[in-house]
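Here is the structure we will look at, set down as C-alpha cells.
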Protein chains: 4
Amino acid sequence: MKRIGILTSGGDAPGMNAAIRAITRKAIYNGMEVYGINYGFAGLVAGDIRRLEIADVGDKIQRGGTFLYSARYPEFATEEGQLKGIEQLNKFGIEGLVVIGGDGSYHGALALTRHGYPAVGIPGTIDNDIPGTDFTIGFDTATNTILDSLDRIRDTATSHVRTFIIEVMGRDAGDIALWAGVAGGADEIIIPEHDFHMDKVAKRIQEGRDRGKKHCLIVVAEGVMGGNEFAEKLKEYGDFHTRVSILGHVARGGSPSARDRVLASKFGGFAVELLQEGKGGLCVGMLDNKVVASDIVDTLENGQHQPDLSLYDLNQELSF
Amino acid sequence: MKRIGILTSGGDAPGMNAAIRAITRKAIYNGMEVYGINYGFAGLVAGDIRRLEIADVGDKIQRGGTFLYSARYPEFATEEGQLKGIEQLNKFGIEGLVVIGGDGSYHGALALTRHGYPAVGIPGTIDNDIPGTDFTIGFDTATNTILDSLDRIRDTATSHVRTFIIEVMGRDAGDIALWAGVAGGADEIIIPEHDFHMDKVAKRIQEGRDRGKKHCLIVVAEGVMGGNEFAEKLKEYGDFHTRVSILGHVARGGSPSARDRVLASKFGGFAVELLQEGKGGLCVGMLDNKVVASDIVDTLENGQHQPDLSLYDLNQELSF
Amino acid sequence: MKRIGILTSGGDAPGMNAAIRAITRKAIYNGMEVYGINYGFAGLVAGDIRRLEIADVGDKIQRGGTFLYSARYPEFATEEGQLKGIEQLNKFGIEGLVVIGGDGSYHGALALTRHGYPAVGIPGTIDNDIPGTDFTIGFDTATNTILDSLDRIRDTATSHVRTFIIEVMGRDAGDIALWAGVAGGADEIIIPEHDFHMDKVAKRIQEGRDRGKKHCLIVVAEGVMGGNEFAEKLKEYGDFHTRVSILGHVARGGSPSARDRVLASKFGGFAVELLQEGKGGLCVGMLDNKVVASDIVDTLENGQHQPDLSLYDLNQELSF
Amino acid sequence: MKRIGILTSGGDAPGMNAAIRAITRKAIYNGMEVYGINYGFAGLVAGDIRRLEIADVGDKIQRGGTFLYSARYPEFATEEGQLKGIEQLNKFGIEGLVVIGGDGSYHGALALTRHGYPAVGIPGTIDNDIPGTDFTIGFDTATNTILDSLDRIRDTATSHVRTFIIEVMGRDAGDIALWAGVAGGADEIIIPEHDFHMDKVAKRIQEGRDRGKKHCLIVVAEGVMGGNEFAEKLKEYGDFHTRVSILGHVARGGSPSARDRVLASKFGGFAVELLQEGKGGLCVGMLDNKVVASDIVDTLENGQHQPDLSLYDLNQELSF
C-alpha cells in the first residue's frame, strides 16, 4: 500500500490530533503518502481531501479537538453514500483508510470493509464505550477534566456543607462517571450499568451528615437521568441543600493527557503497520495492556463494552 | 486592640483562605490574638468560635473554599441577631472583626459598625461586584477557570463548526463574562450592564460563517438570561448548530491564582493594621492599583460597582 | 486480622494519600482498626503511631505528597532495626502492615516478612521502576507534570528556533523520559535502557533544521547524564542554540491524576483484602490491566522492571 | 496611517500572540492593513515580512510563545542596521510599527523613533522589568507557572521535612520571585532589590523547625545568585536537608492567563489607536490600573522599574 487516508468522525476527543500525527509520520517514514479527509465521512463523499506532509502535523500533538474536523453524516449509512466515498478514495488513489472515532465511525469503516475496501478503525471518543479495547483515545483526558471540576466543586460543597449533583457525559456508558467518581471521592456514582435506589442514596447522605461529613458529591451519568431531574427526585426524601452542576461539553476539549497521547501514538503507528501489510477490516485496541487488532465485523456484531464495575463496588466501601 | 476575630460569609471564593492566613499571621506577628468564627454570621450568633494559631493557617494558602466555612444567615439582618453576635464577640473578648465576603457580608459588617462595634470588610467574591474596589478576592481565579473551559469548548466548537452558548455566573455583574469573554476570544459577550439585540447577534454569527469562521462562542452572564433560553431565542433567527454549556459552580472552587493570593495577603495585612489602630467601620479595597480603606457606610450607600465597559467595546472590534 | 498499620516510605509520590485513604476506609468498612505510622520505617521504630478514623482521611484523596510523611531510614536494613519495628507493631496490637513506596520500602516489607510478620507492599513512586507491576502510583501524574513543562518549553523553543535539553528524574529507569518524551513529541529520548550515539543525535537535529523544523526537544533521564553535561557534549558536534532545563523535584508533587487515584484506590482496597485473609509477604501490582499479588521475596529477587521499549522505537519513527 | 507592521523581539512571553491578534484585528476593523515581521529586528532587516489577515490570528489568543518568532539581533544597535530596517518598512509601505518585547525591543523602537519613524512599544516580557508600566504581558502567567511549581514542591517538602531552594528567572528584577514567593507562602524571598543576610535566613529556618514547621521554601531570583550557590552558602550555617530546584525556561511558555490576555488585548488595541492618530515614539503601559502612553525616549532615559517592595515586608510578617 502506497497511499493511505485518515479521517476523524463523531464527537471530537482529545488525542485525535496525536493519532493523526502518528499515522502521518509513521506512514511517511515508511515510504507511504498520506491524505487527510476533512469533516469525516461527509468530507469523504464530498472529496474534501488533501495531502498531508510531515510539517502539517507539527505542533499538533498537544492540541485538543481534531484539525481534520468532524461531522455527523447519517447519509453514510446508505449504500449510495458508501459507494460515493469509495469512488472518491479511488479517485485520489488512496488504497487504505484509517477511521478515528466512536461507534458510528466504526460502522462507517465496517461498511467500507464490506465493500472490499481496506479500512482500519481507531477508537477515539471520550465515552470509552467501544468494544475491542479497554481504553479509547480521549477517555483519560476527559476523566481528568471532570475530576478537576469535582475537586473545585468539593471546595464549595465543603465550605457550605452542601450536596452537589454533578451530571457528566455518558449516554450509554458510565465509564467517565465511574472513574471520575472514584478518583474524586464521590459519595454516590449513578451509571446506566448499575441500578440504584433513591431512598438508599438519601439514607447514605443523611448518615454522612449525621457523622459530621461536610460535603456530599453525587456523580450522575447523563444516560441515567439529568442532574436537575435527579435533584428533584432526591428532594422527595429530604432537604440536602442540593446544587446541580452540568459539566457537559467542557470534557470534550483540552490538551490531551500523556496517556491519551501515548495511546494515540501507539494506535496510529499500529494502524499504519496493518495497512502496510495490506490488512483491513480491523479495529485497533488496547486489551490487557497490549495493542491488538480485532476483526471489525466481529467486534461490532459480538463485542460489547463493559465498564469496570469493580470500581462501583469499591466506591461503595470507600465513600460510606 | 489585642484580640480580633475573622469570619467568611456568602459564597465562597478562592483566596479566602489566603486572606484568613494573612490576617492570622500578621496579627500574631504583631502581638495580637486571633479567633476564627465558623459558618459566618450564623456561627457568630451561635458562638462557634475558636482560637487560631500560626499552625492552623499553615498549608492553607493554596486551598480553595474557606476553612472557616460559610453560610447564609438572613437572620443577621435583624437587630436581635446583630446584638446576639456582639454579645458573643464580647463574651470571647474579641475587640474587632474582619468580615470576608460579598455584598451581604458587608451589610453585616455595616450593622456591627452602626452598633459601635469595629468591623472591617474585605471583598471576597468571584463576582467582582463590590463597591470600593476594582478587584475582589476570587475574581481572577474564577475568570481563569471559566477561561480554561472556554479554551476547551473552542476545541470542540472548531472541530465541529458549531456555535456555543456558555452561561457563566454573574447575577448582577458582568465582570466574569467580560474578562473571560475577551480573554477567550468570545464572539459575543452578553452582560446585564449593556443592551444587546438578538438580530444583530445572529447577523454577526452568519457573517462569521460566511467568512469561513469555524467556531462561534457566545458568553452569557446568568443575570441576563439562562444559556438555554438564549439558545431558544437565537434559534428564531437561524440554525447555527448551537450547543449550550452552563458552567455554574465550577468557577467557585479551585486553588487561587497568584494574583488572588497576593491580593488576599495584602487585604488581610492591611485589615489588621486598621484594627490595630483602632479603626473600624471600613472596607478594604484595591483602587487604581493601591490598597485603600473606605468608609463602609458611605461605600454601601453611595458606591456602585461598574465593570470595565471599555472591554465590551474592545471586544466588538476584536471579534468581528 | 483486626488491626492493621500503614506507612509510606521513600520519595513521596502523588496518589499515596489516595492509597492511605482507600486502605483506611476499606478496612474500617470491614470492621478493622487502622493505625497510621508517621515518617516511614523511622517512625515505626520510634513508635510514632496513631489511630486513623474515617474523618482523618477525608479531603485527602486530591492531595499530593503523603500526610503520613516519609523519611529515609537506612537503619531498617539491620536486624536490630527490624526487630524494634516489630516490637512496636506488637505493642500497638497491629497484626499486619501495608507499606507504600518504592524499592527501598519493598525491602523493608521483605525484612518483616522474613521475620514472619505479615506485610503487603504497594508500589508508590513516580519512577515506575518496581518489579511486579506495569504501573506504580505517581507515575502517571509525574509524566503529566513533565509533559506540561515540555509543552511550555516547546512554545519558547519554537518562538526562538532553539534546541532544548530537558533533564528529567529517573536514576535507573527511563519510564518518565519515555512516556513524557513520546507524549511531548520529543525529537530524542535518552534513557539508561537504550544506547545512543551523540553523533547521530546531532545529525538528526541538523536534518530537522535543514527541513525547516523550528524546535528540537531532547529529553534526558538523569540516570544517563545531567542535562548540562549532555549539552556540553552535543556542542562538540555543532551549535544548535541549546538551552538546558532541569525539571527535578517539581514532578514529585501536585494533585494526583485520575488514573493514579484510581490505581491507588484499587491497590489499597486489594491490600486490605489480602491482610483480611491473613496473607502477607506479598506485593500488589497491576499486570496486564489486572490487579494482582505477587510473592514479595520472589519479586524482589527475580523480578526486574523493564520500561516499554516499543515506545523508544516508535518515537524514532514519529520524530524524524 | 493605512499600513502598519508588528514584530516581537527578545524573550518570548505568554500573551504576545494575544497582542498580535488584537493589533491585527483592531487595525483591520478600522480599515488599515497589517504586516507581520518574523524573527524581530533580524527579520525586519532581512525583509521577512508578510501580510496578516483576520484568519491568520484566529485560534491564536490562547497560545504561548509568539507565532511571529523572536530572535536576538544586536546588529540593530548600529545605525546601519536601523536604516536597513526603515528601508524595508518603506519598501513594504509600512507607515508605523508596533514592537512587542522587553528592554532591548524598546531600544529598537527608540532608535526608529530617533530616525523619525513612528514606532510604538508594548511591554511583553515575563520579567515585569520595563519602565512605564506596572505590569508587562507575560508576567502574570509566568508567576502562576512558578506558583504551580512551588505548590508541587511544597507537597514534597512537607512530606520529607525539607528545605527547598527554588531558583526562578529574574536577572535584574525580583518581581516574579516576590509575587510567586508571597503567593506560594515562601519563607524567604531573595531578590536583587533587597539585601539579605545568610545568617538571619538560617536562623529563621531553625526557628521554624523548632516550632514544628514541616517545610521551608526559599525563592531566589537568579540575579542574586544561583540556587546551588545559595544552598552551598546556607550549608555553612547548618544542615537543613536542602534540595535545589532551578525552574528556568518553563516559566516562559504556556497558555496565557486571563489577565495577560486582557492586558495584551488592551495594549494592542491602544497601540493601534495611537498609530491611527499618527502618533509614534511612545510606549504603552498600565499605570494605576489605566492604560497610558509615555514618551519612549523619556521612559527609557529616566524611567526605572521598581518592584512592589511592600510585598517583601509583608512576607516577612506572614512567613515567620
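The values are calculated or read from the model by the stated rules, or taken from the named source; none is laboratory data. All of these numbers come straight from a predicted model, not from anything done at the bench. Cβ placement follows ideal geometry from the backbone for every residue including glycine, while neighbour counts extend to all protein chains displayed.
Remarks
- Qualifying residue in segment D:290-313 (condition: crowded, with 21+ Cβ neighbours inside 10 Å, among the aromatic types (F, W, Y) and touching a strand residue (DSSP E or B) at 6+ places or on another chain (Cβ under 9 Å)): no
Conditions (1) within 24 Å of A:D12 (Cβ to Cβ); (2) aromatic (F, W, Y); (3) over 29 Å from the mean Cα position of the chain (by Cα), marked per residue:
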{"position": "A:D134", "(1), (2), (3)": "yes, no, no"}
{"position": "A:R154", "(1), (2), (3)": "no, no, no"}
{"position": "A:D210", "(1), (2), (3)": "no, no, yes"}
{"position": "A:K235", "(1), (2), (3)": "no, no, yes"}
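- Residue match in segment A:73-90 (condition: under 22 Å from C:L314 (Cβ atoms), in contact with a helix residue (DSSP H, G or I) (Cβ under 9 Å, 6 or more places away or on another chain) and within 14 Å of chain B (Cβ to nearest Cβ)): no
- If you go through segment B:27-39 and keep only what is within 12 Å of another protein chain (Cβ to nearest Cβ), touching a Phe, Trp or Tyr at 6+ places or on another chain (Cβ under 7 Å) and within 11 Å of B:G5 (Cα to Cα), you end up with just B:N38.
- One residue from C:D155, C:D134 being surrounded by fewer than 24 Cβ atoms within 10 Å (Cβ to Cβ), under 26 Å from A:Q62 (Cα atoms) and acidic (D, E): C:D134
- Every condition in (1) surrounded by 15 or more Cβ atoms within 10 Å (Cβ to Cβ); (2) in contact (Cβ under 8 Å) with a residue 12 or more places away in the chain; (3) over 30 Å from A:D210 (Cβ atoms); (4) not basic (K, R) holds for C:D48 except the one numbered (2).
- Those residues of segment D:245-269 which are modelled with pLDDT under 95 and of a type in the set (V, I, T), in sequence order: D:I246, D:V250
- Checked against the criterion of being without any contact (Cβ under 8 Å) to a residue 12 or more places away in the chain, among the acidic types (D, E) and in contact with a Pro (Cβ under 8 Å, 6 or more places away or on another chain), segment D:131-148 has no qualifying residue.
- Test: residue in segment C:235-245 that is β-branched (V, I, T) and within 13 Å of chain D (Cβ to nearest Cβ): yes
- Any hit, segment C:176-183, residues being modelled with pLDDT of 95 or more and within 14 Å of chain D (Cβ to nearest Cβ): yes
- Put simply, of D:G285, D:G268, D:G280 the only residue that is in contact (Cβ under 8 Å) with a residue 24 or more places away in the chain, in a helix (DSSP H, G or I) and assigned by TED's automatic domain parsing to the domain that holds D:G121 is D:G268.
- Of all residues making up segment C:270-306, the number that are within 12 Å of chain A (Cβ to nearest Cβ) and either at pLDDT below 95 or in contact with a helix residue (DSSP H, G or I) (Cβ under 6 Å, 6 or more places away or on another chain) (or both): 2
- Looking only at segment A:2-24, and only at residues there that are more than 12 Å from chain B (Cβ to nearest Cβ) and over 16 Å from A:L263 (Cβ atoms), the one that is surrounded by the most Cβ atoms within 10 Å (Cβ to Cβ): A:L7
- Here C:I28 meets each of (1) surrounded by fewer than 23 Cβ atoms within 10 Å (Cβ to Cβ); (2) modelled with pLDDT of 95 or more; (3) in contact with a Gly (Cβ under 7 Å, 6 or more places away or on another chain) with one exception, condition (3).
- Test: residue in segment B:68-84 that is surrounded by fewer than 24 Cβ atoms within 10 Å (Cβ to Cβ), touching a Leu at 6+ places or on another chain (Cβ under 7 Å) and of a type in the set (S, T, N, Q): yes
- Of all the residues in segment A:114-131, those that are surrounded by fewer than 24 Cβ atoms within 10 Å (Cβ to Cβ) and on the phi > 0 side of the Ramachandran plot number 1.
- For segment D:243-263, a tally of residues being in a loop (DSSP other than H, G, I, E, B) and either of a type in the set (A, V, I, L, M, F, W, C) or in contact with a Phe, Trp or Tyr (Cβ under 7 Å, 6 or more places away or on another chain) (or both) returns 1.
- Pair list, Cβ < 6 Å and 6+ apart or interchain, from segment A:296-320 residues that are in contact (Cβ under 8 Å) with a residue 12 or more places away in the chain and of a type in the set (A, V, I, L, M, F, W, C) to residues that are part of a loop (DSSP other than H, G, I, E, B) and surrounded by 19 or more Cβ atoms within 10 Å (Cβ to Cβ): A:I296/A:G281
Here's the yes/no breakdown for (1) within 25 Å of D:A177 (Cα to Cα); (2) outside any loop (DSSP other than H, G, I, E, B); (3) in the same structural domain as D:E277 (by TED's automatic domain parsing):
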| site | (1), (2), (3) |
| --- | --- |
| D:L83 | no, yes, yes |
| D:G93 | no, no, yes |
| D:G116 | no, no, yes |
| D:G121 | no, yes, yes |
| D:D127 | yes, no, yes |
| D:I130 | yes, no, yes |
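- The C-beta contact set for segment C:63-87 (first residue of a type in the set (K, R), second residue not in a helix (DSSP H, G or I), distance under 8 angstrom, 6+ apart or interchain) comprises C:R63/C:S255; C:R72/C:G10.
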